[in-house]
1. If I ask for residues that are surrounded by 12 or more Cβ atoms within 10 Å (Cβ to Cβ) and part of a loop (DSSP other than H, G, I, E, B), which ones from region 66-78 would you list?
2. State yes or no: is Leu92 part of a strand (DSSP E or B) and either of a type in the set (D, E, K, R) or over 22 Å from Asp148 (Cβ atoms) (or both)?
3. If you scan region 47-65, which residues turn out to be modelled with pLDDT under 95 and either outside any helix (DSSP H, G or I) or closer than 14 Å to Gly145 by Cα (or both)?
4. Residues that are more than 17 Å from Ala34 (Cβ to Cβ) and either open to solvent by 70 Å² or more (accessible area, probe 1.4 Å) or part of a loop (DSSP other than H, G, I, E, B) (or both): does region 126-134 have at least one?
5. Answer with yes or no whether Ile84 is buried (at least 16 other Cβ atoms within 10 Å of the Cβ) and modelled with pLDDT of 95 or more.
6. Which numbered condition in (1) within 17 Å of Thr99 (Cβ to Cβ); (2) surrounded by 15 or more Cβ atoms within 10 Å (Cβ to Cβ); (3) at pLDDT 95 or above is the only one that Arg26 fails?
Amino acid sequence: ASAVIGVCVASAAWFIADTTGEPDWRAEVATYQALYSPQTIANIAFDDAAVNAQIADLAERTGFDDLRQVTDSIDNMQLLRGQILAFEGQPLAQIVFMTPDGAPVALCMIEKPGSGENQAIRMENRSGLASASFETAHHSWLLIGTQDDALIARTAQQVVDKLASL
């Protein structure tokens, strides 16, 4: 059974890489985020100074100095923590929030090679979760969590509006 599961996972990763020309970091994040539950985040309790330090570290590692302003623009969710992950050796910021009903939501961001155009919000279901992805000139973003498409769309728009004002 383990071998079959391994083959399926490898095939899915190959398919994603093969159809886009490169591995999709958003698919990897979605798989990870699908493991989160309200119990995963229920006991996260960093004080404001610790969270500020975490966000500052993420900003430095991802080349996005205004990250704290972006996190402050999100209404009706409690900021719990920021941590650095990696995708193919590149820093990937994960900022975890909790909805009023205790569900986990993550805002993730990775620096793009070169620069490009801003891209509009794309809503998708990834690993059973509502997600919104969008691009700025130098970063790719993903907001993911819960099955509430309206909440994710509304929150993603808040982030995009804040990014536009920076």
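1. Answer for region 66-78, where residues must be surrounded by 12 or more Cβ atoms within 10 Å (Cβ to Cβ) and part of a loop (DSSP other than H, G, I, E, B): Asp66, Ser73, Ile74, Met77.
2. For Leu92, the condition - part of a strand (DSSP E or B) and either of a type in the set (D, E, K, R) or over 22 Å from Asp148 (Cβ atoms) (or both) - is met.
3. Gly63, Phe64, Asp65 - these are the residues of region 47-65 that are modelled with pLDDT under 95 and either outside any helix (DSSP H, G or I) or closer than 14 Å to Gly145 by Cα (or both).
4. First, the residues of region 126-134 that are more than 17 Å from Ala34 (Cβ to Cβ): 134.
The next check asks that each one be either open to solvent by 70 Å² or more (accessible area, probe 1.4 Å) or part of a loop (DSSP other than H, G, I, E, B) (or both); those that pass are none.
Scanning region 126-134, I find no residue that is more than 17 Å from Ala34 (Cβ to Cβ) and either open to solvent by 70 Å² or more (accessible area, probe 1.4 Å) or part of a loop (DSSP other than H, G, I, E, B) (or both), so the answer is no.
5. For Ile84, the condition - buried (at least 16 other Cβ atoms within 10 Å of the Cβ) and modelled with pLDDT of 95 or more - is not met.
6. Only one criterion in (1) within 17 Å of Thr99 (Cβ to Cβ); (2) surrounded by 15 or more Cβ atoms within 10 Å (Cβ to Cβ); (3) at pLDDT 95 or above is unmet by Arg26, namely (1).
The values are calculated or read from the model by the stated rules, or taken from the named source; none is laboratory data. Just so you know, these numbers come straight off a predicted model, no measurement behind them. Please note: Cβ atoms are built from the backbone with ideal geometry, for glycine as well, and neighbour counts cover all protein chains shown. The area values use the complete protein model at the heavy-atom level, side chains included, leaving out ligands, DNA and RNA. Shrake-Rupley method; radii C 1.70, N 1.55, O 1.52, S 1.80 Å.
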